[in-house]
Amino acid sequence: MMAFIPSPAVNGFHIGPAYIHFYGLMYVVGITAAILITQRRWKALGGDPALVGDVAIWAVPAGIIGGRIYFDITTPKYIPHHWYGVLAVWDGGLGIWGGITLGALAGIWRVHRARADVPQFMNAIAPALLVAQAIGRIGNYFNQELFGKPSTLPWALKISAAHRPPGYARYATFQPTFLYEIIWDLLLAATLVWLDNRRKVRPPALFALYVAGYSAFRIFEETLRIDYSQYILGMRLNFWVALIGTLGGLLWFARIQFKQRAGGSAEPPDPSSFRYSRSGTL
């Protein structure tokens, strides 16, 4: 007998009249974990942990907005048919590419405004983002979404008939691509921390590796997924986005890491430059 991963019976729970979706709850847990991890890493660099919470106030809403915009533009088929459908993130639907882009821009703006070291902050937050993404993928499990091709592997995921895409109604078990991504994100986060502790990685080279490493996995994942997507040259749209992210991240890393070799090593940043006050002064 094969032991498949069962689908969840529900995707949320009631607290009084309010219905709490596990999808949204996992994002809250993931964001909280990212803040705590970044605070610890930023403090170890000599920075003020208060800056992390201030950045999150701006970057998290920007990331949600960016993620939803990307989702609405690239997968309009899955927008709920309500007047508020384009905003209904609780039903699933946040494009990671849009979320990271807009969230990063908002975060960079806030760190720069606080006159703190932007590249060092990007290095500090890179592993934390991967942990947050891994936790967020648990929400996809509860929504029975973002799974891959039909599979009979022992760890295949059972999907209820109501959540199977058109053309796959006769199949009951599928590749748990969300689980693969959880494992990859956590392994990549651990690798980035190891590199930061054992090797001289110039900021923001860890963030560049985060972009390249996550995108590289998505190249693989996009060959498995069967949910709706726009196709370009026979491949899913996000396959090409991931390919660009992988190549761009690797080139960015090489430029950061090796640009000083011709002219000598750069001086290490002064930890005093990480001090932060809410007035934006040092």
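The values are calculated or read from the model by the stated rules, or taken from the named source; none is laboratory data. Keep in mind that this is a model prediction, so the values were computed, not measured. Glycine gets a Cβ as well: all are built from the backbone with ideal geometry, and neighbour counts include every protein chain shown. In case anyone asks, the SASA skips ligands and DNA or RNA and just uses the protein heavy atoms, side chains included. Shrake-Rupley method; radii C 1.70, N 1.55, O 1.52, S 1.80 Å.
Gly139 meets each of the listed conditions (1) without any contact (Cβ under 8 Å) to a residue 60 or more places away in the chain; (2) open to solvent by less than 10 Å² (accessible area, probe 1.4 Å) apart from (1). Say we look at region 69-86 and pick out the residues that are over 18 Å from His163 (Cα atoms) and surrounded by 15 or more Cβ atoms within 10 Å (Cβ to Cβ); which of these is modelled with the lowest pLDDT? Here the answer is Val86. Based on what the data block shows, is Ile226 open to solvent by less than 20 Å² (accessible area, probe 1.4 Å) and aliphatic (A, V, I, L, M)? So Ile226 does not fit the description; no. Can you tell me which residues in region 229-256 are over 24 Å from Leu94 (Cα atoms) and either touching a residue at least 60 places away in the same chain (Cβ under 8 Å) or surrounded by 17 or more Cβ atoms within 10 Å (Cβ to Cβ) (or both)? Passing the criteria: Leu250, Trp252, Phe253, Ile256.
Note on region 91-129: among residues that are of a type outside the set (Gly, Ala, Ser) and part of a loop (DSSP other than H, G, I, E, B), the one that is nearest to Val10 (Cα to Cα) is Leu94.
Of all residues in region 14-40, exactly one satisfies the criterion of being at pLDDT 95 or above, among the hydroxyl-bearing types (Ser, Thr, Tyr) and surrounded by fewer than 19 Cβ atoms within 10 Å (Cβ to Cβ), namely Thr32.
Residue by residue, here is whether (1) farther than 19 Å from Phe121 by Cβ; (2) open to solvent by less than 40 Å² (accessible area, probe 1.4 Å) holds:
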{"position": "Ala161", "(1), (2)": "yes, no"}
{"position": "Pro165", "(1), (2)": "yes, yes"}
{"position": "Thr173", "(1), (2)": "yes, yes"}
{"position": "Thr191", "(1), (2)": "yes, no"}
{"position": "Leu206", "(1), (2)": "no, yes"}
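Working only within region 1-36, note down all residues that are of a type in the set (A, V, I, L, M, F, W, C), closer than 29 Å to Gln175 by Cβ and assigned to a helix (DSSP H, G or I).
Scanning region 1-36 gives Phe22, Leu25, Met26, Val28, Val29, Ile31, Ala33, Ala34.
Asp185 meets the conditions (1) in a helix (DSSP H, G or I); (2) surrounded by fewer than 22 Cβ atoms within 10 Å (Cβ to Cβ); (3) touching a residue at least 40 places away in the same chain (Cβ under 8 Å) in every case but one. The failed one is (2).
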